[in-house]
Amino acid sequence: MSVFLDDRWAIFVKAAESGSFSRAANFFNLPQSNVSRQIAQLEEELGARLFHRNGRGVSLSEVGQRLLPRLVDLSQQADRLSDQILTQGQMPIGEVRVGLLPWCVPLLAAPVFRAVRSQLPQVELHFCEAPSSQLDEFLDEGRIDLATLLQEHDGTTPARNKELTRISLELIGRTEAPLMDAATIRFRDLDGVPLIVPSAGHPLRISLARLAKKLGVSLNIAAEADSIRLQHEVCLGGGGYALTSGFNKYVAMSGLSSSTVVEPKILRSIVLAATLRRPDTLAVREVERIIREIAPDLFKEQRA
């Protein structure tokens, strides 16, 4: 929310974009009744309806449709003005919200925090952790400024996403499992093997299905789990073998081993992504710079 714009209009914009008072309330950590009351106050002051209410959510009235693009523009201008005033001495200031993949937390959180505290003493850093798909949603919703994401290395990474490193797809299994005897395993040797993979529609799942069809490999999906931690837990419980990426020093549990998938070797990219839904402040740009500077070397150390 901006110091130059009534907070109620920020709530209006978020409710309009999400089509829901409850989603707007979740975004701002407010009770839904508070959001409804503030929108009602705006409507009373304007003497016109901003939304049509229905059982499925809300939709903009004609007045709301006319106001929304102007308010979005005003909000962006207010954010830029606020940042210019706060950083007129070229000293970054303000809060920056960073999302990390769970297995990146022990690797990146402390070094990034120390670097930001040392170089940007007036920046308030907020961390959260979640699977890649959820962090991507947080970016789209404007809940966070920056996030590390795991993406398929297929040449389709958006320009705004900066690659930090590449990692290989690994087959994870219980140490005593027969496929864990070697350091590598051919993709074709996964034919019929019980696998623990993300849900249908996940980019990795789509890539695996495409490759399996090309090579004539039958994928036996034994279980679905949408985080590396969950996949490893199911694997440990005897549910099959997990296909995941990550630095196993941080994600593997006692009793699990890994084997790199080869022929072909499947690479995935760890990228740093920025939201388009929050102000592009000097503080955000400087925190992004720090992560891009220190993360590649940290990842390189883990592969050594």
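If you check Ala242, Ala274, which single one turns out to be touching a residue at least 24 places away in the same chain (Cβ under 8 Å) and either open to solvent by 60 Å² or more (accessible area, probe 1.4 Å) or within 22 Å of Arg174 (Cα to Cα) (or both)?
Among Ala242, Ala274, only Ala242 is touching a residue at least 24 places away in the same chain (Cβ under 8 Å) and either open to solvent by 60 Å² or more (accessible area, probe 1.4 Å) or within 22 Å of Arg174 (Cα to Cα) (or both).
Which one of these is in contact (Cβ under 8 Å) with a residue 12 or more places away in the chain, surrounded by 18 or more Cβ atoms within 10 Å (Cβ to Cβ) and not acidic (Asp, Glu): Leu179, Leu204?
Selected residue: Leu204, the only one of Leu179, Leu204 that is in contact (Cβ under 8 Å) with a residue 12 or more places away in the chain, surrounded by 18 or more Cβ atoms within 10 Å (Cβ to Cβ) and not acidic (Asp, Glu).
When the residues of the stretch 117-131 are narrowed to those that are part of a loop (DSSP other than H, G, I, E, B) and open to solvent by less than 40 Å² (accessible area, probe 1.4 Å), which ends up modelled with the lowest pLDDT?
Pro131
Looking at the stretch 229-250, which of its residues are in a helix (DSSP H, G or I) and either out of contact with any Phe, Trp or Tyr (no Cβ under 6 Å at 6 or more places or on another chain) or at pLDDT 95 or above (or both)?
Arg229, Leu230, Gln231, His232, Glu233, Val234, Cys235, Leu236, Asn248, Lys249
Among the numbered conditions (1) modelled with pLDDT under 95; (2) open to solvent by less than 10 Å² (accessible area, probe 1.4 Å), tell me where Leu190 comes up short.
Of the numbered conditions (1) modelled with pLDDT under 95; (2) open to solvent by less than 10 Å² (accessible area, probe 1.4 Å), the odd one out for Leu190 is (1).
Among the residues that make up the stretch 247-265, is at least one of them surrounded by fewer than 19 Cβ atoms within 10 Å (Cβ to Cβ), aliphatic (A, V, I, L, M) and within 20 Å of Thr165 (Cα to Cα)?
yes
Do we find a residue being touching a strand residue (DSSP E or B) at 6+ places or on another chain (Cβ under 9 Å), modelled with pLDDT under 90, on the phi < 0 side of the Ramachandran plot and not in a helix (DSSP H, G or I) anywhere in the stretch 203-226?
Within the stretch 203-226, not a single residue is touching a strand residue (DSSP E or B) at 6+ places or on another chain (Cβ under 9 Å), modelled with pLDDT under 90, on the phi < 0 side of the Ramachandran plot and not in a helix (DSSP H, G or I).
From the list Arg205, Arg166, pick out the single residue that is touching a Pro at 6+ places or on another chain (Cβ under 8 Å) and closer than 23 Å to Ala273 by Cα.
Only one candidate passes the filter, namely Arg205.
Mind counting the residues in the stretch 37-72 that are under 20 Å from Glu141 (Cβ atoms) and either of a type in the set (Phe, Trp, Tyr) or open to solvent by 30 Å² or more (accessible area, probe 1.4 Å) (or both)?
So the answer is 8.
Would you be able to tell me the number of residues in the stretch 7-20 that are open to solvent by less than 20 Å² (accessible area, probe 1.4 Å) and among the aromatic types (Phe, Trp, Tyr)?
Qualifying residue count, the stretch 7-20: 1.
Of the residues in the stretch 54-94, how many are modelled with pLDDT of 85 or more and closer than 19 Å to Glu17 by Cβ?
Within the stretch 54-94, residues that are modelled with pLDDT of 85 or more and closer than 19 Å to Glu17 by Cβ number 14.
If you take the residues of the stretch 146-186 that are among the small types (Gly, Ala, Ser) and closer than 17 Å to Pro203 by Cα, which of them is modelled with the highest pLDDT?
Ser168
If the requirement is being assigned to a helix (DSSP H, G or I), of a type in the set (D, E, K, R) and over 16 Å from the mean Cα position of the chain (by Cα), which of these qualifies: Arg114, Arg166?
The conditions single out Arg114.
Between Glu176, Glu141, Glu224, Glu137, which is of a type in the set (Asp, Glu) and either over 30 Å from Ser18 (Cβ atoms) or over 24 Å from the mean Cα position of the chain (by Cα) (or both)?
Glu176
Of everything in the stretch 2-53, what is in contact with a helix residue (DSSP H, G or I) (Cβ under 7 Å, 6 or more places away or on another chain), among the basic types (Lys, Arg) and modelled with pLDDT of 90 or more? Give them in sequence order.
Arg49
So for the stretch 23-33 (the condition being open to solvent by less than 20 Å² (accessible area, probe 1.4 Å), aromatic (Phe, Trp, Tyr) and out of contact with any strand residue (DSSP E or B) (no Cβ under 7 Å at 6 or more places or on another chain)), does at least one residue qualify?
Scanning the stretch 23-33 turns up no residue that is open to solvent by less than 20 Å² (accessible area, probe 1.4 Å), aromatic (Phe, Trp, Tyr) and out of contact with any strand residue (DSSP E or B) (no Cβ under 7 Å at 6 or more places or on another chain).
The values are calculated or read from the model by the stated rules, or taken from the named source; none is laboratory data. What you see is a predicted model; the values in this text were computed from it and never measured. Note: ideal-geometry Cβ built from the backbone for every residue, glycine included; neighbour counts use all protein chains shown. Areas reflect the complete protein model, heavy atoms only, side chains present, ligands, DNA and RNA absent. Shrake-Rupley method; radii C 1.70, N 1.55, O 1.52, S 1.80 Å.
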